[in-house]
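Some notes on the structure that comes next.
The values are calculated or read from the model by the stated rules, or taken from the named source; none is laboratory data. Since the structure is predicted, the reported quantities are computational estimates derived from the model, not experimental observations. For neighbour counting, all protein chains shown are included, and Cβ atoms are generated from backbone atoms with ideal geometry for every residue, glycine included.
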Amino acid sequence: NLKKEILEKRAKILPRIYELVTDTIILLNKVIDRKENVIFESAQGTLLDVDFGTYPYVTSSNPVAGGSCVGAGVGPTKIDYILGVVKSYTTRVGEGPLPTELTDERGDYLIGKHLQEKGKEFGATTGRPRRCGWFDVLVVKHSVRVNGINSLALTKLDVLDELPKLKICVGYRYGEKILNEFPASWEILSHSEPVYEELPGWQEKTYGLRKFPQLPRNAKNYLHKIENLVGAKIGLISMGRSREETIIIDKNLLEFKF
């Protein structure tokens, strides 16, 4: 039967992996106590967190930084640096509120399509297209606060290279109110409209640049605007898939050797 077949397959694999199985809580804490570097990478994102995300459109666990400590069995006081990874625009897979989504209704469908195609915003496993929108300050501020982020890794800056104008969501309009913080209620979020600040694009190639001063002036302005609005420094930016296509701004990141 199926149960027997599964057990037989596992029995063949067991001798090969048995010596690799260990108590990872002890292993990780010993490595940290020796002052060696360890990196934890959380899956998914803050807004999918079962406690701090857009419930009920969430996962069943805690993808926030604190969840990494729980999953690894390492105390929070042993974490020295938290790097928050965020795109230069906003994406979401599946259902759930996305106030800055670029759709036909807002007349920005073609921009959303551009972000989706140039950013290759399709699920790696399913091929499911991701919904795309402008950068949302309220979402990132919420994420910085919940995760205790030291700096941001801003990715896919090159996806914005060809756009003549950019928008940054700086608040939500809910009825007669302007919200400046991310609402706890998904119902409020789903009935909110974005309030934007508009910036000029740079319409120059950033792909292949290796130093921050090489960036176009308007690209630097975009990055500085994000830093000021979310209350967190940008530690590194990336303009491509490979490790070489990265500009490290926070030199503290260079101290972590792996």
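Return the residues of segment 161-190 that are in a loop (DSSP other than H, G, I, E, B) and either of a type outside the set (D, E, K, R) or outside the structural domain of Arg145 (by TED's automatic domain parsing) (or both); say none if nothing qualifies.
As a first pass, look at segment 161-190 and keep what is in a loop (DSSP other than H, G, I, E, B): 161-164, 175-176, 180-185.
The answer is Leu163, Pro164, Gly175, Asn180, Phe182, Pro183, Ala184, Ser185.
Which of (1) modelled with pLDDT of 90 or more; (2) within 26 Å of the chain's Cα centre (by Cα) does Asn29 not meet, given it meets every other one?
(2)
Looking at segment 198-213 only, could you name the residues that are assigned to a helix (DSSP H, G or I) and either touching a Phe, Trp or Tyr at 6+ places or on another chain (Cβ under 9 Å) or loosely packed, with under 13 Cβ neighbours inside 10 Å (or both)?
Pro213, the sole residue that qualifies.
Residues that are of a type outside the set (S, T, N, Q) and in the same structural domain as Leu253 (by TED's automatic domain parsing): which helices (runs of 4 or more DSSP H) entirely in segment 1-117 hold 2 or more of them?
Answer list for segment 1-117: none.
Is it the case that some residue within segment 214-227 is within 19 Å of the chain's Cα centre (by Cα), closer than 29 Å to Thr46 by Cα, surrounded by fewer than 17 Cβ atoms within 10 Å (Cβ to Cβ) and assigned by TED's automatic domain parsing to the domain that holds Leu98?
Yes - at least one qualifying residue is present in segment 214-227.
Tell me yes or no: at least one residue of segment 80-95 is under 24 Å from Asp250 (Cβ atoms), among the charged types (D, E, K, R) and touching a residue at least 24 places away in the same chain (Cβ under 8 Å).
Yes: one or more hits.
So, in segment 132-157, exactly how many residues are in a loop (DSSP other than H, G, I, E, B) and either surrounded by 21 or more Cβ atoms within 10 Å (Cβ to Cβ) or without any contact (Cβ under 8 Å) to a residue 60 or more places away in the chain (or both)? Step through it out loud before you land on a result.
Looking only at segment 132-157, we keep the residues that are in a loop (DSSP other than H, G, I, E, B), and these are 134, 148-150, 156.
Then keep just the ones that are either surrounded by 21 or more Cβ atoms within 10 Å (Cβ to Cβ) or without any contact (Cβ under 8 Å) to a residue 60 or more places away in the chain (or both); that gives 134, 149, 156.
Residues in segment 132-157 being in a loop (DSSP other than H, G, I, E, B) and either surrounded by 21 or more Cβ atoms within 10 Å (Cβ to Cβ) or without any contact (Cβ under 8 Å) to a residue 60 or more places away in the chain (or both): 3 in total.
Can Gly127 be described as on the phi > 0 side of the Ramachandran plot and either outside the structural domain of Asn221 (by TED's automatic domain parsing) or not in a strand (DSSP E or B) (or both)? Working first, answer last.
Working: on the phi > 0 side of the Ramachandran plot: yes; either outside the structural domain of Asn221 (by TED's automatic domain parsing) or not in a strand (DSSP E or B) (or both): yes.
Yes.
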